[in-house]
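Submitted below is the structure of interest, expressed as structure tokens.
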């Protein structure tokens with residue numbers, strides 16, 4: 001029997017969901033249409049956002065299957081924070097800092113949960 005996909009209107013910002021997606025086992029709903037989780041690519045692990053698969057948008061790749069509960073109050077459901085502006089020649093580059101609190105929380109969850 002196929003698992004039901006949770007409807008977008010039933011999702012709660014800041015809750016963690018078990019996903020069927022291209023790159024994420026679980027992700028935190030950002031309140032818009034994205035799920036932030038840990039992606040592995042070329043031996044690097046980093047926070048990455050996949051978007052709700054509504055069956056219409058070509059960019060949707062995440063289907064939430066189960067609500068695993070809320071993030072702790074001290075962890076924000078954001079992928080990164082604004083960093084410093086740096087100059088590269090005559091071009092100003094805005095950097096970003098990864099949300100380490102979210103990364104550490106999701107890393108621990110993945111290590112202690114079977115998402116099969």
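Does the range 67-81 include one or more residues that are more than 25 Å from residue 111 (Cβ to Cβ), touching a helix residue (DSSP H, G or I) at 6+ places or on another chain (Cβ under 8 Å) and either in contact (Cβ under 8 Å) with a residue 24 or more places away in the chain or surrounded by 11 or more Cβ atoms within 10 Å (Cβ to Cβ) (or both)? Talk me through it step by step, then tell me what you get.
At the first step, the residues of the range 67-81 found to be more than 25 Å from residue 111 (Cβ to Cβ) are none.
Looking through the range 67-81, none of the residues is more than 25 Å from residue 111 (Cβ to Cβ), touching a helix residue (DSSP H, G or I) at 6+ places or on another chain (Cβ under 8 Å) and either in contact (Cβ under 8 Å) with a residue 24 or more places away in the chain or surrounded by 11 or more Cβ atoms within 10 Å (Cβ to Cβ) (or both).
Regarding residue 75, is this residue out of contact with any strand residue (DSSP E or B) (no Cβ under 8 Å at 6 or more places or on another chain), farther than 14 Å from residue 6 by Cα and at pLDDT below 90? Break it down into steps so the answer makes sense when it comes.
Numbers: out of contact with any strand residue (DSSP E or B) (no Cβ under 8 Å at 6 or more places or on another chain): yes; farther than 14 Å from residue 6 by Cα: yes; at pLDDT below 90: no.
Considered against the rule, which asks whether it is out of contact with any strand residue (DSSP E or B) (no Cβ under 8 Å at 6 or more places or on another chain), farther than 14 Å from residue 6 by Cα and at pLDDT below 90, residue 75 comes out as no.
Further question on the same structure: If we scan the range 23-30, do we find a residue that is more than 11 Å from the chain's Cα centre (by Cα), part of a loop (DSSP other than H, G, I, E, B) and touching a residue at least 40 places away in the same chain (Cβ under 8 Å)?
So far as the range 23-30 goes, no, none of its residues is more than 11 Å from the chain's Cα centre (by Cα), part of a loop (DSSP other than H, G, I, E, B) and touching a residue at least 40 places away in the same chain (Cβ under 8 Å).
A follow-up question, please. I need the full set of residues from the range 31-58 which are out of contact with any strand residue (DSSP E or B) (no Cβ under 7 Å at 6 or more places or on another chain) and in contact (Cβ under 8 Å) with a residue 24 or more places away in the chain, in order please.
31 - this is the single residue of the range 31-58 that is out of contact with any strand residue (DSSP E or B) (no Cβ under 7 Å at 6 or more places or on another chain) and in contact (Cβ under 8 Å) with a residue 24 or more places away in the chain.
Select from the range 29-52 the residues that are within 16 Å of residue 111 (Cα to Cα) and surrounded by 19 or more Cβ atoms within 10 Å (Cβ to Cβ) and list them in ascending order. Walk me through how you get there before you give the answer.
So the first thing to find is which residues in the range 29-52 are within 16 Å of residue 111 (Cα to Cα), and the list is 37-40, 45-47.
Passing the criteria: 37, 38, 47.
Here is a list of conditions, (1) loosely packed, with under 15 Cβ neighbours inside 10 Å; (2) at pLDDT below 90; (3) under 13 Å from the mean Cα position of the chain (by Cα), and residue 55 meets all of them except one; can you say which number that is?
Every listed condition holds for residue 55 apart from (3).
Kindly provide the set of residues from the range 42-69 that are over 18 Å from residue 99 (Cα atoms) and assigned to a strand (DSSP E or B), ordered by number. Lay out the reasoning, then the answer.
To start, the set of residues in the range 42-69 that are over 18 Å from residue 99 (Cα atoms) comprises 42-43, 51-69.
Answer for the range 42-69, where residues must be over 18 Å from residue 99 (Cα atoms) and assigned to a strand (DSSP E or B): 51, 52, 60, 61, 62, 63, 64, 65, 66, 67, 68, 69.
In the range 78-116, what count of residues is obtained for those that are within 17 Å of residue 19 (Cβ to Cβ), in contact with a strand residue (DSSP E or B) (Cβ under 8 Å, 6 or more places away or on another chain) and not in a helix (DSSP H, G or I)?
Qualifying residue count, the range 78-116: 3.
The values are calculated or read from the model by the stated rules, or taken from the named source; none is laboratory data. Computed from a predicted model, the values in this text were never measured in an experiment. Every residue, glycine as well, gets a Cβ built from its backbone with ideal geometry; the counts of neighbours run over all protein chains shown.
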